[in-house]
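Working notes for the structure below.
The values are calculated or read from the model by the stated rules, or taken from the named source; none is laboratory data. Please read these numbers as outputs of a predicted model, since none were measured by experiment. Methodologically, a virtual Cβ is constructed for each residue, glycine included, from the backbone with ideal geometry; neighbour enumeration extends over all protein chains shown.
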Amino acid sequence: MFDAESANYLMETAKLAISRDFSKISTILLQKEIKKIVHFTHSSNIKSILDLGLHSRTYLRSNKIDFRETDKERFDGLPNGFSCSITTPNLSMLKTKEAAIGKDFIVLEISSNSLLTSSFAAFPGNAATGVINRDAATNSNDYVGARGLGNLFLNVNERRIHSRSTSEPTDFQSEIVFFESILPDRIRGIHVPSYISETSKINLKIVETAFSNIQICSSCPHGYFKNAYQALPTFQLSWKSN
């Protein structure tokens, strides 16, 4: 797990990289055909997110903003960040959260150009995995900017075996941890599972009326809430040398 010193260093490195690598990140977004970032959250948080944007747990607490916490432990050691995924949600984590908290989660679809405006660290596997977490704390430059983003798509052989599309990371548990807020105007849509509770359906109806510019995809047909992955290659540090 990151300690305070290594976490601060990663955040500072990420801020430098976002301005330094602007054109390179733009090129990756085009070449990889990355159109969207996704983030799952409890449905009770959606009104606040559409009013105020996406923020870290630390920011929300320090500004006394009410929210339903879905990751009390933060095993990655990065409470000043919040996690998103490229193209498709981290379904393994989503199902874990549903089992622990209940099936009232939704998936937000966010404009991919947020990667050009908000500093981030890109983890090619689960950020809390010990070997990845330790490597990122030691080799921060491999996890930020254009290099970090590009590393989500390593291992041509694994990508071929598991039929990854151009815009999908090799490991579906990969994460983008943003250290700066994402404003509400970057949120393009809300994906809702067919099994969400009646209470959440009522709340989402209110949101739909108040935010008519946001598309709500009910009974999401995109596979964001399916039961399991068919294939899940797990990132290995050796991929970086391939």
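Taken together, the residues in the range 1-50 that are part of a loop (DSSP other than H, G, I, E, B) and of a type in the set (A, V, I, L, M, F, W, C) amount to 3. Under the condition of being modelled with pLDDT of 90 or more and surrounded by 16 or more Cβ atoms within 10 Å (Cβ to Cβ), the residues counted in the range 218-233 number 3.
The number of residues in the range 94-112 being closer than 22 Å to Lys35 by Cβ and of a type in the set (Val, Ile, Thr) comes to 3.
When Ser194, Ser238, Ser200, Ser174 are checked against the criterion of being closer than 23 Å to Ser26 by Cβ and either in contact with a His (Cβ under 8 Å, 6 or more places away or on another chain) or at pLDDT 90 or above (or both), Ser174 stands alone in meeting it. The condition of being within 21 Å of Arg188 (Cβ to Cβ), at pLDDT below 95 and touching a helix residue (DSSP H, G or I) at 6+ places or on another chain (Cβ under 8 Å) holds for Lys47.
Applying the criterion of being at pLDDT 95 or above and small (Gly, Ala, Ser) to the residues of the range 141-164, the residue that is nearest to Ser118 (Cα to Cα) is Gly145. When Ser26, Ser92, Ser56 are checked against the criterion of being surrounded by fewer than 18 Cβ atoms within 10 Å (Cβ to Cβ), at pLDDT below 95 and not acidic (Asp, Glu), a single residue qualifies: Ser92.
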